[in-house]
């Protein structure tokens with residue numbers, strides 16, 4: 001086995017053997033980290049060659065890639081996830097650098113619909129990658145993290161890291177695929193019926209908003225190439241955050257316009273994003289669509305619901321500032337009403353604690369939150385998995401960003417399971433909501449080449 005690669009002078013086999021012997025009985029597991037040289041330029045391609053990893057490209061162009069797992073944590077609920085804040089700090093004492101990045105995410109909610117689509121993903125999991133690469137305007141940084149566990153044999157550990165390096169030196173080539181069939185879950189007519197049921201519920205006065213999701217499955221002759229999809233997502237959606245979380249060979253990826261929350265040096269940033277119209281086909285049509293969005297009473301009320309929930313949730317922790325009126329966020333296929341919100345934290349609230357307080361916002365669940373989730377679990381008839389949950393990354397000091405996992409798909413074997421949702425108000429029109437869900441699905445369908 002040759003692990004003397006990846007553009008580094010480090011002999012991984014020698015280092016692993018030496019560190020394995022040093023990790024004596026008093027310390028059954030240990031971390032060791034080394035800076036290495038990254039020989040490649042494309043950070044999307046290697047993800048296809050590993051079973052586990054992640055990729056995030058922020059809307060300002062910074063890229064983050066994690067290959068393999070040095071350490072992974074799984075959680076069964078959002079409340080259990082909050083305990084990770086305590087463990088995060090202990091990792092520094094175990095030998096990890098404070099700027100080490102951990103990436104992962106969580107499900108929208110527990111679902112009463114049982115299927116095997118999301119079996120490779122626990123409710124929430126986070127990983128320190130075996131090999132981490134960061135690419136910014138200032139250059140490329142790569143870091144190797146060795147996790148020595150005396151419960152594993154030295155050969156098992158050596159073989160695992162050899163496979164990680166092989167994914168870098170022997171990437172899988174990309175290919176263009178044509179879909180062989182597509183199917184909607186539920187069917188378009190059944191989904192319209194569920195929207196009408198939601199409108200009836202809203203008119204009763206017990207709820208003010210519900211967000212209904214649907215899924216469109218597209219099957220190909222062979223498995224889609226993740227690196228190729230990520231490139232196309234970047235091309236078609238340059239102003240969004242591109243993400244991919246790969247677990248046990250299955251990949252959840254997307255192009256999300258919505259940040260749930262970011263915390264850096266005790267300063268938080270978040271946003272309200274609700275209210276949607278499609279892009280116009282001409283410049284004049286596009287301006288007319290923006291004017292329609294800004295004048296729509298239904299969209300303004302939907303947006304105000306999200307703003308109120310976010311500010312009510314975060315005001316105890318920070319002095320918030322925001323524009324007085326919603327702005328318009330323009331994407332490749334839609335316009336959204338958008339209100340950026342930020343503030344300085346008044347107390348030591350963490351990224352994860354604030355994220356779990358905010359999730360799910362009315363933009364993806366409904367209002368009031370608990371009643372909306374209960375209705376969706378009974379009547380939506382869909383296991384969302386990680387769709388409309390949270391995905392993101394953070395360092396061991398608690399700085400990082402979490403995004404809402406929208407405009408996304410689960411790539412499982414030869415099928416891409418694409419998700420979209422719409423905010424339903426009592427004056428919604430079911431057929432128009434179906435059309436809106438089709439606009440939102442275009443982000444993934446274009447990336448998959450379905451519309452070529």
Check: In this structure, does residue 237 turn out to be surrounded by fewer than 16 Cβ atoms within 10 Å (Cβ to Cβ) and closer than 26 Å to residue 358 by Cβ?
Finding: no
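Condition first: assigned to a loop (DSSP other than H, G, I, E, B) and either assigned by TED's automatic domain parsing to the domain that holds residue 410 or crowded, with 18+ Cβ neighbours inside 10 Å (or both). Now tell me which residues in region 99-108 satisfy that. Spell out how you get there, then give the answer.
Step one: of region 99-108, the residues assigned to a loop (DSSP other than H, G, I, E, B) are 99-100, 107-108.
Scanning region 99-108 gives 100, 107, 108.
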Note to self: Taking the criterion of being surrounded by fewer than 18 Cβ atoms within 10 Å (Cβ to Cβ) and either under 22 Å from the mean Cα position of the chain (by Cα) or in a strand (DSSP E or B) (or both), would at least one residue in region 194-215 satisfy it?
What the structure shows: no
Margin query: Suppose the filter is modelled with pLDDT under 95 and more than 19 Å from residue 341 (Cα to Cα); does residue 302 pass it?
Written below: no
Note to self: Filter region 147-165 down to the residues that are surrounded by fewer than 20 Cβ atoms within 10 Å (Cβ to Cβ) and either in contact with a strand residue (DSSP E or B) (Cβ under 6 Å, 6 or more places away or on another chain) or under 15 Å from residue 66 (Cα atoms) (or both) and list them by number.
What the structure shows: 149, 160, 163
Check: Residues 319, 312: which one is over 23 Å from the mean Cα position of the chain (by Cα) and assigned to a helix (DSSP H, G or I)?
Finding: 312
Check: If you check 96, 89, 65, 16, which single one turns out to be at pLDDT below 90 and crowded, with 16+ Cβ neighbours inside 10 Å?
Finding: 16
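The values are calculated or read from the model by the stated rules, or taken from the named source; none is laboratory data. Just so it is clear, the structure is predicted and the values come from calculations on it, not from any experiment. Cβ coordinates were reconstructed from backbone atoms using ideal geometry, including for glycine residues, and neighbour counts include every protein chain displayed.
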